[in-house]
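Notes to accompany the following structure.
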Amino acid sequence: MKVFTASNPTEAHIVCGLLTSNDIQAEVRGEQLFAIQGEVPFDDSTSPSVWLVEPSSAMEEKATSIVQDYLDSINQESSWFCQSCEEENEAQFGLCWNCGQAAGT
Ligand SMILES: [Zn+2]
């Protein structure tokens, strides 16, 4: 079963590595599709994703909580949402890339 849909192959491998380091067998799928992303519509089915190799309800529960922890850490440390246009920005940018609003205002 699929436990995570990434926005790029690097992110998929980060999550896959987190799962395998917690004794969960996981694998990345969909990287080949990502390579031809320019030629096909980019949606959930063409994104690289992380799958459990031997799914069970216990594994699924553990994997889901690891993925959630990862997403929480990403949101806390590396991005913020513009209060003007609600676009997501990476932490190193002090101004919204979309509308130029300063962070936290
Ligand atoms: Zn903005």
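Please treat every number below as a calculation from the coordinates, not as lab data. From a predicted model like this one, the values you see are computed outputs, not experimental measurements. Cβ sites come from the backbone with ideal geometry, for glycine too, and all protein chains shown count toward neighbours.
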Subject >> Peptides ranked, highest mean first, by Cβ atoms within 10 Å: ranges 58-71, 79-92, 10-23 >> reply: 10-23, 58-71, 79-92
Original post:
How would you classify the stretch 50-105 from its alpha-carbon gyration tensor, with a ≥ b ≥ c the square roots of the eigenvalues: rounded for a/c under 1.5, else prolate if a/b is greater than b/c, otherwise oblate?
Top reply: prolate
